[in-house]
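Here the structure comes first, spelled out in structure tokens, and everything after it is commentary.
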Amino acid sequence: MIDRRERNYCCRMETTFCGLSVLVLASFVFSGQHVVAEYGFTHHESLDEEGKFQLLWKFDDEKIEFEAQVQTTGWVGLGLSPNGGMPGSDIAIGWVKDGTAHLTDRFAEAKAQPPVDQSQDWELVSGSENGTHTVLRFNRKLTTCDDKDRVINEDTMRVLWAWHDDDPEDESGGSGPAYHGANRGVRSTVLLSNIIAPPNLKETNITTVDLLMNNVSIPERDTVYWCRVFQLPEMASKHHMIKYEPIITPGNEGVVHHLLIYTCPADQSVTFLPEEHPGHRCRSPNMPRDWWPCYGGSLMAAWAIGAENVVYPEHVGFPVGGAGDSRYVLVEMHYDNPQEASGIRDSSGLRLTLTPELRGNDLGILEVGMIVNKHHVVPPRAEGFVSSGFCNTDCLNAFLEELGEPIKIIGLELHSHLLGVKMSARVIHNGTETEIARDDNYDFNLQFFRMLKQEVTVYPGDILITECTYRSTQKDEITYGGPGTPEEMCETFFLYYPRFNLTFCDSLPNLFSTASFAGVENFDYTGGQRGEIIIKAPERLVNKSFEEVMEEVPWTDEKARDFSKSLLDSPLPFHTSCRATYQTAVNTDDLSDLAPFPRGNRTAPDDICSGRTPSGQATTRVPAVGTGPGQATTRAPVVGDGSGASRSGLPAVTAIVCMVALALITV
């Protein structure tokens, strides 16, 4: 039995940790965090919006070490959640009392006070306290083999945080850690993310260029793509772009969704508007026709909502200027105005940092995945529907041959939309299929470039694959592929060097494989970017649209699994798409063809926990840092004041996500 105080605690916990609206900063990683040089920590985030819970950490191949600096003199809690909720979470709660620091390893099975884990795998290193803050340092093995603990890996992690202003009397029960009230939240982050850029640029000769919209009157509609062409400064020699940063019109932070910058052809004239001209809606009849070829240029820069500065690793830079390069660039801005508000004007954009001090390699971005159109079907009521796309070997080979050498992947961004829950990118080399990166806890609100510990070389004959797993149990209708957030995508954006002329390499299950699952026996296809199927048999489906016949399938989770298997294992080859920049001499018309879905031999990972039975005591205690109660703290905690230890943000590159969708809608 539990006493009245504990019962009341459990009732209040119904609205605690996991009942909170997730306080996830909608930001994305591109350049990595600044190094937190102080005390050897390499990562730092403010978990709450007011900066009262600062978390610092560092890691190696076996262990991660945290330091929580929290504005409280009571208990402090940090948890790892599978989905942002409390049940299933791995939790550490600690406090400093009477000069002694305490730490308890706990787990949560319900919205209640988390019980103490029999296996104490969180190790207390030190603790301190002054009149305002509690500081706890503790560590844990990445994999403990305790079934109550969560493995800490390169997946997106939902980090729970909480505190209370009073220390507990006991470890648990009515005198245990008291209900924390509003002092709690959840934040998505990537604990094992590699830092890819130094906080300070080594180059001394730099130039900044602002590419800003000009007082655009944002239309009263949900989504608008707005375009403007800019002329870069004249440069006597080739430069590298090594950094860019957003400049957002105050008040428009929620409306300016993302933007892309494309390089325009050097050998074609481009209509250059007067400086005071606001530009045109993208891809509309009013947009000058000579702007369209710019979409065939390289993707020069990309930014998305929530992002901060983008800084490239010091051995790569994006090439700008020089012989044969155009000074014109096309900026495509996406305005998100779901309330269809009127009277909004915007002059947002990016500030580019350029240098003639060339780095060792030209950077490039290659997208591989599913062709973005409505024939990418994600059924409703599915617990785990799998889609996969790949880069046609003939396409990849042609551009590697044109380049004359292999490419080296240094990082990648995995991208799907709201239904995506797992993603992976793989390479098949000499028949062996190897995982480059995966995220089994994917979060649409935290997209980032994952920098690899070791670069992956891609040779002629290799195959790149993207796999997405979607959960649609809450949906009653099909979700189709498309550029909008409510639609779906399945893409990997590889960051690599040296740059070659291939930009998009995608595939899609054979359209007959998809349609035949819904009972279609024969159809004609109209072709083109918005191609439709004209059903000819059976008679009961004639005159029905593709969407109508797919919606008529009695979808269940089992039916969705059968559909996925029928597409990936179909004897019919996938449609493939091969798209390049205007600089190439390769004829891509001969490379967008049909190809079977690739398979390679996979090696099962070792089970490092086999045969291990963990054990441990309930609580760890160490003397607090300092000379005694009330004087335990010997240094002030970091509070995100711009001291250099604060997080640089998780700068974005959603850039190349739904933003480039319009350029991908093709079969």
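Stretching Gln339 away from Phe272 to a fully extended chain increases their span by 20.9 nm, per 0.36 nm per residue minus the current alpha-carbon distance.
Counting only heavy atoms of the protein chains and using a 1.4 Å probe, Phe59 has close to 60 Å² of accessible surface. For Arg426, neighbours were defined as the other residues whose beta-carbon sits under 12 Å from its Cβ, and their charges (Lys and Arg +1, Asp and Glu -1) total -1. Shown here for the range 201-269: trypsin sites (Lys or Arg not before Pro) in loop regions (DSSP other than H, G, I, E, B) with at most 10 other Cβ atoms within 10 Å, namely Lys202, Arg221.
Per residue, the accessible area of the range 132-245 comes to 40 Å² when a 1.4 Å probe rolls over the protein heavy atoms. Looking at the square roots a ≥ b ≥ c of the eigenvalues of the Cα gyration tensor of the range 403-545, which shape do they give, rounded for a/c under 1.5, prolate if a/b is larger than b/c, or oblate? Judged from the Cα gyration tensor, the range 403-545 comes out prolate (a/c at least 1.5, a/b above b/c). For the range 276-368, the carbon plus sulfur part of the accessible surface works out to 47%, probe radius 1.4 Å. Put the Cα centre of the range 208-248 next to the Cα centre of the range 276-320 and the gap is 7 Å. Sparse packing (at most 11 other Cβ atoms within 10 Å of the Cβ) combined with a DSSP loop state is found for the following GluC sites (Glu not before Pro) in the range 192-249: Glu234. Oblate is the label for the range 296-390, because a/c, from the alpha-carbon gyration tensor with a ≥ b ≥ c as root eigenvalues, is 1.5 or above and a/b does not exceed b/c.
The residue list Trp57, Thr156, Val76 was ranked by how far each Cα lies along the charge dipole of the range 55-156 toward its positive end, using unit charges on Cβ atoms, and Val76 comes out on top. From most to least packed by mean Cβ count within 10 Å, the peptides 358-364, 272-278 give 358-364, 272-278. One decimal place: the segment Leu418-Lys141 gains 96.5 nm when fully extended, by the rule 0.36 nm per residue minus the C-alpha distance. Of interest is the spacing of the C-alpha centroids, which for the range 456-494 and the range 512-577 amounts to 19 Å.
In terms of the Cα gyration tensor, with a ≥ b ≥ c the square roots of its eigenvalues, is the range 146-274 rounded because a/c is under 1.5, prolate because a/b exceeds b/c, or oblate? It is prolate, given that a/c is not under 1.5 and a/b is the larger ratio. Solvent-accessible area assigned to carbon and sulfur over the range 103-247 amounts to 41 percent, based on a 1.4 Å probe.
Taking Cα centre as origin and charging only the Cβ of basic (Lys, Arg, +1) and acidic (Asp, Glu, -1) residues, the dipole magnitude of the range 412-561 rounds to 340 debye. Relative to the Cα centre, the charge distribution of the range 346-419, modelled as +1 at Lys and Arg Cβ and -1 at Asp and Glu Cβ, gives a dipole magnitude of about 340 debye.
For the pair Ser284 and Asn543, a Förster radius of 25 Å applied to the C-beta separation gives a FRET efficiency near 0.20, rounded to the nearest 0.05.
The values are calculated or read from the model by the stated rules, or taken from the named source; none is laboratory data. Predicted, not measured: the structure shown is a model, and the values here were computed from it. Neighbour counts are summed over all protein chains in view; Cβ atoms, including those assigned to glycine, are modelled from backbone coordinates with ideal geometry. Keep in mind that these areas ignore ligands, DNA and RNA; they rest on the heavy atoms of the full protein, side chains included. Shrake-Rupley method; radii C 1.70, N 1.55, O 1.52, S 1.80 Å.
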